[in-house]
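Data block below; observations after.
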Amino acid sequence: MRGQKWENCGAANNMTDSSTNMRLKLPIVCFILEIILIILFGVLVEYDHDTDARDFHNMSHHDYENDFYYRYPSFQDVHVMIFIGFGFLMTFLQRYGFSSVGFNFLIAAFSLQWATLMQGFFHGMHGGKIHIGVESMINADFCTGSVLISFGAVLGKTSPIQLLIMAMFEVTLFSVNEYILLSVLGTKDAGGSMTIHTFGAYFGLMVTRVLYRPNLDKSKHRNSSVYHSDLFAMIGTIYLWMFWPSFNSAVTAHGDDQHRTAMNTYYSLAACTMSSYAMSALTAHDGKLDMVHIQNAALAGGVAAGTAGEMMLTPFGSMIVGFLAGIISVLGYKYLTPVLEEKLKIQDTCGVNNLHGMPGILGAIVGAVTAAVATKDVYGEGLHDVFPLVAEGKREASVQGGIQAVSLAVTLGIALIGGLIVGFILKLPVFGAPPDTICFEDNIYWEVSLRSFITNSTSHDQNQNNTHLHSLDVSITSQNQ
Amino acid sequence: MRGQKWENCGAANNMTDSSTNMRLKLPIVCFILEIILIILFGVLVEYDHDTDARDFHNMSHHDYENDFYYRYPSFQDVHVMIFIGFGFLMTFLQRYGFSSVGFNFLIAAFSLQWATLMQGFFHGMHGGKIHIGVESMINADFCTGSVLISFGAVLGKTSPIQLLIMAMFEVTLFSVNEYILLSVLGTKDAGGSMTIHTFGAYFGLMVTRVLYRPNLDKSKHRNSSVYHSDLFAMIGTIYLWMFWPSFNSAVTAHGDDQHRTAMNTYYSLAACTMSSYAMSALTAHDGKLDMVHIQNAALAGGVAAGTAGEMMLTPFGSMIVGFLAGIISVLGYKYLTPVLEEKLKIQDTCGVNNLHGMPGILGAIVGAVTAAVATKDVYGEGLHDVFPLVAEGKREASVQGGIQAVSLAVTLGIALIGGLIVGFILKLPVFGAPPDTICFEDNIYWEVSLRSFITNSTSHDQNQNNTHLHSLDVSITSQNQ
Amino acid sequence: MRGQKWENCGAANNMTDSSTNMRLKLPIVCFILEIILIILFGVLVEYDHDTDARDFHNMSHHDYENDFYYRYPSFQDVHVMIFIGFGFLMTFLQRYGFSSVGFNFLIAAFSLQWATLMQGFFHGMHGGKIHIGVESMINADFCTGSVLISFGAVLGKTSPIQLLIMAMFEVTLFSVNEYILLSVLGTKDAGGSMTIHTFGAYFGLMVTRVLYRPNLDKSKHRNSSVYHSDLFAMIGTIYLWMFWPSFNSAVTAHGDDQHRTAMNTYYSLAACTMSSYAMSALTAHDGKLDMVHIQNAALAGGVAAGTAGEMMLTPFGSMIVGFLAGIISVLGYKYLTPVLEEKLKIQDTCGVNNLHGMPGILGAIVGAVTAAVATKDVYGEGLHDVFPLVAEGKREASVQGGIQAVSLAVTLGIALIGGLIVGFILKLPVFGAPPDTICFEDNIYWEVSLRSFITNSTSHDQNQNNTHLHSLDVSITSQNQ
């Protein structure tokens, strides 16, 4: 019967003390945030032209011209990346599957609502109202993606309340940065190499730096994968990989732009997969492939094609970009992550620097170069879609390239300073963070059925009339001894 | 080598006796049902205008005007909800994963064929023929969803033959109810708060009431989850959550209607997720989150937006509805489910009353109220799409609201009476139902490899030269002692 | 911390010797192949009309007429089938999940790039250039599917280098065969019953025949499933099943053709599921259902509708085809697979003969018959879409039927001869194939965390102060004794 539990467990209860108890804190935070959201939506949000019954029928449209039909399939692919892709990618930890999928779910559900308001506010109000439709839904999901990247950096070391607080601030800063880039500077970044990946990664890395835990090795026995958890994580990886072409093309101009962006990303990812496997075998133990690399580095090609994907990068250029991204990413996992932890005290649980940070910077640079060499000859009338300021003669292509490079610096600056401040806020000892000894552990915030772990003795070994605690449960029991 | 099994097992065989043996019964039922379906399709079913080569080319259409392009992506999302969403949501039980996904697969494959005929018959024949295309495929999947909701109520306690018989009757009654609502009463219910969720839930609850098992606690050690089964279930949950906007908008009018419905549902679900987490922490043990609530209650927002989603509910209104649905659903799991079982003898395995029943009723009420206040001022010319009878002046908006409320009563009546009758039919002792002691157990209907459970002794404990039966297998062995 | 491993293991290392060590071989092969691909893309590949910024804007198109909007949702469904569907379908083996998903990922990423070039070369160059867009992406994924079918036949017995070499040759031969059928003979095979399924299956069966391992039973304890691996495999099955309508309709003509193909496939699969369950209960042990049949045979209806799906097969005809395909497939698993292994020395790990081989032949025959009876009366002007040569009077329908039958023979010939040659190439002892004793084992090519398998003794049995190796790990340890 769903809703009833049959067992209880002393060992599990030991894990919960008053500071991490969520009984009142989490409901209060969730209710307050959601009620504020609902009120603000009531005051500020309206249907846009394509979702409003009166407005849409007011003009002599054909139903088939509704933007729904040209964005919604992309939206759903992005949606799958946010909730299944990110959620399951992080289930690789042996005892943190509930939290990976579950907290991903919670903070994404919050972030997409808050992002609707923040992005609507910055992207331009209509008579004091925010107008929403499928494009704003995609943008809200994009902003959410950035928060989830940061979640990857602090995975296993934060309470759900810390995550909600982080999301609240990060969505706000994301929207500020996005506004500066897209609206003030006229930067192109449809797939978000800068706005989403670089921002989310360095924001998260700075937060995890501020939240540095010197005694985290007390939880290190849980900070690794088991066989099945790696398979669950592959579900996340493969969905991210498959749908990345939709991600990068979801909000580009219609027509050839969406089409080209999806295709460039497809070839970038394919090339990246090849170089990731090569580098994994080359660097890992005994020539064996390492699941960490496959789960993560093979995706770097999507990140690196985020800015230039909509440009005339050509499949050839896309493959070179993806090829390099895979190499950089594996090298990062192998050599940079340990250094970051030991020297810079950055404990980056998922290695977001390798998957989103460095490939995001690579993508920004590729975008700047590709923009700088854009010509009317190559783009024809399509130049208006990709570089409207250049097409209108308001800006030279080389200037556009320079602006793209400046945008990367702006993004890094806002991300690092924002992460610093938010990190200190999250350090306040009232949010129920787990102690160093019980990080990477579902049981502290989730009711985990003891049936998962206990095996009664069987008729075959009745002479040992006792209860065995098996496999997944080792870490707890060895502590309790 | 697929197709060969290497082991055999005495303990497993003990589970099978002649009454639950499916060797002849299941093939006979499947073959007879499928042959009847094939014959009826041969006699009654034709391609509709958009799928027939001659008809479609007969008119001066552009290929792009084929309805395929405006419904098929939604259809595929719904299809994923039916087969992955419902199928994996029910894998939470520790030893019932094969049956959850596998019986879901079987009865869905049957139901969608039978629903094509039943709905085609009631929705209007064309010269004695049923015309089918992508819209009928979506409707058949919808009807199938209703059957799968009922499956959730009886999960673990029925044979596949009982499920096929139940599906046969339920599809028929679903089509009758749907016909009365949509065609006779002119009710609006695009996302099926009433026709799908309320109907499926109360039909299933009545069936499980009639099939009440007083000694079900003999199987209670299997009626719970383990760590990995909860992660598999989250795959189902997340897919249902992500694609619910497609579900509610799949058969609404084209244009703004589909667009608006999807967006309303998206915000309802996001708000529902927030309140579900809050309520779970508030009510569950020690302030810890309960997977049961997250897996189920977070979806109630989709159910509750099923009727009013296509209306001008506004994102604000949608969020309020979702917020309430999450609260109601968690409270149901916590307080109502145990009462239903103890007082009313309703053993509701998946808690469908909390996920589909009460949120469905909430959705029906919200729909009635929203319909009652509809005005030409708000909907403009779009009123023809949403409330054609009101737009044509044949009915006042307030009357439409009243009709919506009456429709809920009709649905509840047909569901409860239908479930009562079908429950008694399923009680006939010829369908191979499992005994009370072996409910929630795959091994009774599936060949479960013994390799799954047996561990040979290792070099480390050779002095106990015996075979251990581990983890998943505990329940069986402890019985056999 | 991702990127670091905490344990090491003697037993695991024993598995790796120099011949199977991939440290240099795999990187060299991957880098060389990818660099060749990148160079060839640079020289030969261009955006097609719908992806090129200048070309697309050169004509007075509406953005919504870009083929992206009419093929991309189908492409993504096919993409999911290739990477999730095939990848997870093969995770049924207890210790081969990493390789199933991971090698599937690697060879698919390579094949889709190589297929772009090969198919582009054969399908017609434009001024010495290959033009690519969403349709070429779908075709590349299709060709990749064929390689993955062959992978199913040799699953567990090949190194990743062998697989890449096989993919390289198979993609080439696939493209030759596809060119002969579609371009030379004017065969219709939109869903690839012949070009994809028959070709992939018999190519793979011939390869596995040449690679026959007389001592494979030394690994037979790993050549079976466990409970959770069967659930992971069901993810693959269900995705393949759900998206098969998109697969068969992805490259048919626009309009009614795509619509009809999807619907025919949908009903074929539903009927096939019913007959698969019936036959499984009828033939399997004690009337219990066998996961092998459900995971595979239920898909045969999609294969069998691959050629005739776009024709006016009617739902009635589709259901008969699916019904027969399910029966044939289960019978193949039960009776033919053991015979193939014992008499013909064909060790077909996934039973691709039953899922792709025989159902593919059935589909080819159904296509030939359906083509032979096509009339202008039934197809109207739509005849130009489906049978252009017949519509233009260049060929009688009966001749088209004959050509279809000849095409099956051509496909079988090229597949068998090609598989024979490629098999002998793969036999060269330099590719790092696993020894007979360690087939079906991830640990030979992947770093598998020992934490997956080791259970420390607990406080309850401290008197046995030792380390147990449990469940998944049995096979290794029993070898080491």
So residue C:317, is it touching a residue at least 40 places away in the same chain (Cβ under 8 Å) and within 10 Å of another protein chain (Cβ to nearest Cβ): yes
Among (1) modelled with pLDDT of 95 or more; (2) within 14 Å of chain C (Cβ to nearest Cβ); (3) surrounded by fewer than 17 Cβ atoms within 10 Å (Cβ to Cβ), the one test that residue B:465 misses: (1)
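Would you point out which residue out of C:311, C:263 is within 7 Å of chain B (Cβ to nearest Cβ) and of a type outside the set (Phe, Trp, Tyr)? Lay out the reasoning, then the answer.
On the way: C:311 fails: within 7 Å of chain B (Cβ to nearest Cβ).
Matching residue, one of C:311, C:263: C:263.
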Residue tally, condition among the acidic types (Asp, Glu) and more than 9 Å from every other protein chain (Cβ to nearest Cβ), over the range A:320-353: 1
Some residue of the range A:69-78 being more than 7 Å from chain B (Cβ to nearest Cβ), farther than 21 Å from residue B:248 by Cβ and not in a loop (DSSP other than H, G, I, E, B): no
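Please verify whether residue B:132 is under 30 Å from residue C:261 (Cβ atoms) and out of contact with any Gly (no Cβ under 7 Å at 6 or more places or on another chain), treating the condition exactly as stated.
Details: under 30 Å from residue C:261 (Cβ atoms): yes; out of contact with any Gly (no Cβ under 7 Å at 6 or more places or on another chain): no.
For residue B:132, the condition - under 30 Å from residue C:261 (Cβ atoms) and out of contact with any Gly (no Cβ under 7 Å at 6 or more places or on another chain) - is not met.
Does the range A:411-447 hold any residues that are of a type outside the set (Phe, Trp, Tyr) and assigned to a loop (DSSP other than H, G, I, E, B), and which are they?
To start, the set of residues in the range A:411-447 that are of a type outside the set (Phe, Trp, Tyr) comprises A:411-423, A:425-430, A:432-439, A:441-444, A:447.
Once the filter is applied, which keeps residues that are of a type outside the set (Phe, Trp, Tyr) and assigned to a loop (DSSP other than H, G, I, E, B), the range A:411-447 yields A:427, A:428, A:429, A:430, A:432, A:433, A:434, A:435, A:439, A:441, A:447.
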Subset of the range C:393-410 (residues that are in contact (Cβ under 8 Å) with a residue 24 or more places away in the chain, within 20 Å of residue C:199 (Cβ to Cβ) and either of a type in the set (A, V, I, L, M, F, W, C) or outside any helix (DSSP H, G or I) (or both)): C:403, C:405, C:406, C:408, C:410
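Considering only residues that are in a helix (DSSP H, G or I) and buried (at least 24 other Cβ atoms within 10 Å of the Cβ), which ones fall in the range B:338-352?
Going residue by residue through the range B:338-352, those that are in a helix (DSSP H, G or I) are B:338-344, B:352.
Correct list: B:352 only.
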Failed criterion for residue C:460 (all others in (1) at pLDDT below 50; (2) under 23 Å from residue C:227 (Cα atoms); (3) facing chain A (nearest Cβ under 9 Å) hold): (2)
Total residues in the range B:89-104, condition more than 8 Å from chain C (Cβ to nearest Cβ) and either aliphatic (A, V, I, L, M) or closer than 29 Å to residue B:261 by Cα (or both): 4
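Looking at this structure, is residue A:37 at the interface with another protein chain (Cβ under 8 Å from one of its Cβ atoms), in contact with a Pro (Cβ under 9 Å, 6 or more places away or on another chain) and surrounded by 17 or more Cβ atoms within 10 Å (Cβ to Cβ)? Outline the logic, then answer.
Working: at the interface with another protein chain (Cβ under 8 Å from one of its Cβ atoms): yes; in contact with a Pro (Cβ under 9 Å, 6 or more places away or on another chain): no; surrounded by 17 or more Cβ atoms within 10 Å (Cβ to Cβ): yes.
So residue A:37 does not fit the description; no.
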Unique residue being of a type in the set (A, V, I, L, M, F, W, C), surrounded by fewer than 21 Cβ atoms within 10 Å (Cβ to Cβ) and part of a helix (DSSP H, G or I) when the list is C:390, C:378: C:378
Residue match in the range B:279-297 (condition: within 30 Å of residue A:129 (Cβ to Cβ) and touching a Lys or Arg at 6+ places or on another chain (Cβ under 8 Å)): no
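Can you tell me which residue within the range B:245-260, out of those that are within 7 Å of chain A (Cβ to nearest Cβ) and buried (at least 24 other Cβ atoms within 10 Å of the Cβ), is nearest to residue B:317 (Cα to Cα)? Step through it out loud before you land on a result.
Within the range B:245-260, the first condition is being within 7 Å of chain A (Cβ to nearest Cβ), and the residues that meet it are B:246, B:254-256, B:258-260.
Now drop any that are not buried (at least 24 other Cβ atoms within 10 Å of the Cβ), which leaves B:246, B:255-256, B:258-260.
Numbers: B:246: 19, B:255: 21, B:256: 18, B:258: 17, B:259: 16, B:260: 13 Å.
Filtering first and then ranking leaves B:260.
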All positions within the range B:225-244 that are facing chain A (nearest Cβ under 9 Å) and under 16 Å from the mean Cα position of the chain (by Cα): B:234, B:235, B:237, B:238, B:239, B:241, B:242, B:243
Candidates A:303, A:378, A:321, A:390, filtered to the one that is touching a Lys or Arg at 6+ places or on another chain (Cβ under 7 Å) and closer than 30 Å to residue C:51 by Cβ: A:378
Flag for residue A:214 being under 30 Å from residue A:262 (Cβ atoms) and more than 7 Å from every other protein chain (Cβ to nearest Cβ): no
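Assess whether residue B:274 counts as being closer than 24 Å to residue A:116 by Cα and either in contact with a Gly (Cβ under 6 Å, 6 or more places away or on another chain) or at the interface with chain A (Cβ under 8 Å from one of its Cβ atoms) (or both). Break it down into steps so the answer makes sense when it comes.
Numbers: closer than 24 Å to residue A:116 by Cα: yes; either in contact with a Gly (Cβ under 6 Å, 6 or more places away or on another chain) or at the interface with chain A (Cβ under 8 Å from one of its Cβ atoms) (or both): yes.
Yes: the conditions hold for residue B:274.
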Restricting the range A:6-24 to residues that are surrounded by 19 or more Cβ atoms within 10 Å (Cβ to Cβ) and at the interface with another protein chain (Cβ under 8 Å from one of its Cβ atoms), the residue that is modelled with the highest pLDDT: A:22
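Going through A:105, A:122 one at a time, which residue ends up being more than 15 Å from residue B:266 (Cα to Cα) and touching a Ser or Thr at 6+ places or on another chain (Cβ under 7 Å)?
A:122
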Hits in the range A:36-58 - residues which are of a type in the set (S, T, N, Q) and in a helix (DSSP H, G or I): A:58
Scan of the range A:42-60 for residues that are more than 7 Å from chain B (Cβ to nearest Cβ), free of Cβ contacts under 8 Å to residues at least 24 places away in the same chain and of a type outside the set (Asp, Glu), ordered by number: A:43, A:59, A:60
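Give the residues of the range C:301-314 that are in a helix (DSSP H, G or I) and without any contact (Cβ under 8 Å) to a residue 60 or more places away in the chain, sorted by residue number. Walk me through how you get there before you give the answer.
Of the range C:301-314, the ones in a helix (DSSP H, G or I) are C:301-304, C:308-310, C:314.
If the condition is that a residue be in a helix (DSSP H, G or I) and without any contact (Cβ under 8 Å) to a residue 60 or more places away in the chain, then C:301, C:314 are the ones that fit.
Within the range B:185-210, can you find the residues that are more than 22 Å from residue B:141 (Cα to Cα) and over 19 Å from the mean Cα position of the chain (by Cα)?
B:185, B:210
The values are calculated or read from the model by the stated rules, or taken from the named source; none is laboratory data. Please read all numbers here as calculations on a predicted model, not as lab measurements. Positions of Cβ are generated from backbone atoms using ideal geometry, with glycine treated the same way; all protein chains shown enter the neighbour counts.
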